[in-house]
1. Per residue, what volume in Å³ does the convex hull of the Cα atoms of the stretch 35-120 enclose?
2. Please report the net charge: other residues with Cβ closer than 12 Å to the Cβ of Ala312, K and R +1, D and E -1.
3. What does the charge count near Ala64 come to, summing +1 for each Lys or Arg and -1 for each Asp or Glu among other residues with Cβ under 12 Å from its Cβ?
4. How large, in percent, is the carbon and sulfur part of the accessible surface of the stretch 292-332 at a probe radius of 1.4 Å?
5. Got a number for carbon plus sulfur as a percent of the stretch 350-435's accessible area, 1.4 Å probe?
6. Considering the alpha-carbon set of the stretch 265-417 alone, what are its Rg and its Dmax in angstrom?
7. How would you rank 280-286, 311-317, highest first, on the average number of other Cβ atoms within 10 Å across their residues?
8. Taking Cα centroids, how far is the stretch 322-337 from the stretch 200-233 in Å?
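The values are calculated or read from the model by the stated rules, or taken from the named source; none is laboratory data. Note that the structure is predicted; figures quoted are calculated from it, not measured. Here the Cβ is made from the backbone with ideal geometry for all residues, glycine too, and neighbour counts use every protein chain on show. Side chains included, ligands, DNA and RNA excluded: accessible areas come from the protein's heavy atoms. Shrake-Rupley method; radii C 1.70, N 1.55, O 1.52, S 1.80 Å.
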Amino acid sequence: MILGTPDVVGRATRKEAGEPMRQKHIGFRDLLERLLPIEELPPVDRMRVQRALRSGVSNEVEQAAMHAIDLLEQQGALRRLPVEAKAGTATVRYQPRDRHDIITLQMPGPRQHDGVIIQVRSALPTQAPARLDQVRRLIRLDDPLIFSDPRTGTTRAGLHTQLEQAGRELLGSAHVAYFAREGDDERPDDRPLDPSLVTDVIEHHGMVFYCPNVDKSASLSASSRDLGVRSVALVAVTDSEGQPIGHLEVRNAEVEPYLPSDLAMIALLADYCGGVLERAARIEKLVFVDPHTGVYNRSYYDLQIRNEIARATRDDSSLALLIVDIDDFKSFNTSFGFEAGNQVLVQVAQTLRAGVRPFDTVARWGGEEFAVLLTPPVVQEDVLAISERLRSSVERTPMRLEGLDGRAHRVHVTVCVGVAMFPDHAETPQDLWRAANAALLLAKRPPKNQVVFHRPKGEAKLNLH
């Protein structure tokens, strides 16, 4: 799909009071260096502009300029003047605060492909300050901790709830969903309507994609019909560097529900989502990530086990807990030093992480123990297969350690795995841990390097390898 981008920047200046305006065509670099009040941007955004200028890459300079214009308009440093519509293009004009200069951008006009209207975000109507305040309040932009508080859930789970509220209050009965670029690991039961369209949205993240009637779109009609969706709008969510990290999908049960001002509000929601996600992710990394191994820590596990048991109970489904313990871990510390032991922890953690699904959880419980949470729905046969695959992967992964003598040593690392399932073996987080730990104690008996599945008293234990 080929889409246009803003391709002309004009400058009109008043030479002296009372004299007519004169126009001069300039590029995005000149716009950043000479006309835009970049000094009024937050430090992180000024740094982005400086990096783009240093890179000399025209596309990066253009994206930085468009991002700066959006931010400066929101801050009141730029005032948008009435839009002049022309055939095939949309002309957008801005005036810096306390200056006579007028900046003109000639945008490509709306395009249409397979029933989807594609429009440049910057060409959409500006939002009144009251509406900006409403968005901030609805998604709690000034309180990103709400998305990382263990009492309320993880970042995206909290954001989903806030977006649903924003959809109701700002866009009527619309369903607003955020999907991460790498795959929404917290919503495995919810997927974008059209993955191929999402690819275009991510690639052209300066555009808004709007299908006012999905019945007129060959790619959207089939996937939308069963969900009761009659129209949909999509827009990319970007980080502070302007790189897409996901997208918003706004679904509606009505045909042609959105005016250009509504599409502008959807784009604004996407902008604020990017900020919330980025800040909350930094907080999550400090609170929920084990600094030594890079996987989650015990606090995150405690949060997730409660959330997943609640979800499994609601869906009448099951989940599994695997406790993984490194065999003879103290021998690595004794023979090669504590730094070598840390290397073993890191390599085992990353092997476990690579061996499960994106929406499963790998957390360091403490010492040489890891908790692996296989989220619902899972069945016993799959749990056993995954457990054995993890054990085997660790055993087969070549590990080289640097010892106290400064030399590299090849070592053989194995693990024991104890497995229990909810609700078959336990109905609370504490009892589920006890059941898996009891199985682990059996797995740690010689010859170790094995998987043991919990069995209630009186039943034979099931072990592999």
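1. 122 Å³
2. With Lys, Arg at +1 and Asp, Glu at -1, the neighbours total -2.
3. Values: positive: Arg29, Arg46, Arg48, Arg51, Arg54; negative: Glu33, Asp45, Glu60, Glu62, Asp70, Glu241.
Here the charged neighbours net out to -1.
4. 43 percent
5. The value for the stretch 350-435 is 49 percent carbon and sulfur by accessible area.
6. Cα radius of gyration and Dmax of the stretch 265-417 are 18.2, 62 Å respectively.
7. Per-residue Cβ counts within 10 Å, averaged per peptide and sorted highest first, yield 280-286, 311-317.
8. If we compute the Cα centre of each part, the gap is 52 Å.
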